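Following: one structure in structure tokens, then a few remarks.
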Amino acid sequence: RTFKWKIGTATVETELKLFNQLRQQLPPSAQLRLDANGGLREPAAHQWLRATDEVSMVEFVEQPLPPEQFDSMLNMAHQYTTPIALDESVATLNQLETAYQRGWRGIFVIKAAIAGSPQRLRELCQAYQLDTVFSSALTTAIGTQASLQLAAELSNPQRAVGFGVNHWFTGEEESWLEQLWNNH
């Protein structure tokens, strides 16, 4: 099983204590993704990466720094063994391609619903053989289905997709879509 924890919401010292408690509670086979949403400062990102280098259950640290600190994340990716995943830095296909051209060979978190052309996304993923994790955005059921289809086609099969927003929807949309379909 794969779990995600949003970090960067408290002091790094507090979160590292919680991290040590959390990893004692998780089953040994669990994978943990730590997502900072670009909210760490560079010293805190280094602290996290030093700590996670000692723990095999951390799959990656996601977007430790803001997108404008791309070069620092690139350097960290070479400095530590814990993988770093870019998310907010690669929200669009142009950003994704720019990151690749600038040397990023780590993990790309892709929100297909907001990235851009599905065909161009397909071409980039296949041409560059990207290590991808497909993730959800708040979208319609149709958008989610299309994103899941792309994820099935283009995701790294060793990585869980990140589609954990369905609980925000009450099901009204499905009823509306069913009604539209039945009346057509």
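The values are calculated or read from the model by the stated rules, or taken from the named source; none is laboratory data. What you are looking at is a predicted structure, and each value in this text was computed from that prediction instead of being measured. Reconstructed Cβ throughout: ideal geometry from the backbone, glycine too, with neighbour counts over all protein chains shown.
General observations
- The one condition in (1) crowded, with 21+ Cβ neighbours inside 10 Å; (2) touching a Phe, Trp or Tyr at 6+ places or on another chain (Cβ under 9 Å); (3) closer than 21 Å to SER155 by Cβ that LEU49 fails to fulfil: (3)
- Taken over region 1-37, the criterion of being touching a strand residue (DSSP E or B) at 6+ places or on another chain (Cβ under 6 Å) and of a type in the set (Ser, Thr, Tyr) is satisfied by THR2 alone.
- Restricted to region 78-97, and to residues there that are surrounded by 15 or more Cβ atoms within 10 Å (Cβ to Cβ), under 18 Å from LEU40 (Cα atoms) and not aliphatic (A, V, I, L, M), the residue that is nearest to the chain's Cα centre (by Cα) is ASP87.
- Some residue of region 104-113 being among the aromatic types (Phe, Trp, Tyr) and at pLDDT 95 or above: yes
- Number of positions in region 56-80 that are assigned to a helix (DSSP H, G or I) and either within 20 Å of PHE134 (Cβ to Cβ) or not acidic (Asp, Glu) (or both): 11
- Residue among ALA115, ALA127, ALA99, ALA137 that is of a type outside the set (Val, Ile, Thr) and more than 20 Å from PRO66 (Cβ to Cβ): ALA127
- Taking helices (runs of 4 or more DSSP H) as the structural unit, those lying wholly within region 103-166 and holding at least 1 residues that are charged (D, E, K, R), in contact (Cβ under 8 Å) with a residue 12 or more places away in the chain and over 18 Å from GLN63 (Cα atoms) correspond to 118-128, 141-154.
- Among the residues of region 1-21, those that are more than 21 Å from ILE107 (Cβ to Cβ), surrounded by 12 or more Cβ atoms within 10 Å (Cβ to Cβ) and either of a type in the set (A, V, I, L, M, F, W, C) or touching a residue at least 60 places away in the same chain (Cβ under 8 Å) (or both) comprise VAL12, LEU16, LEU18.
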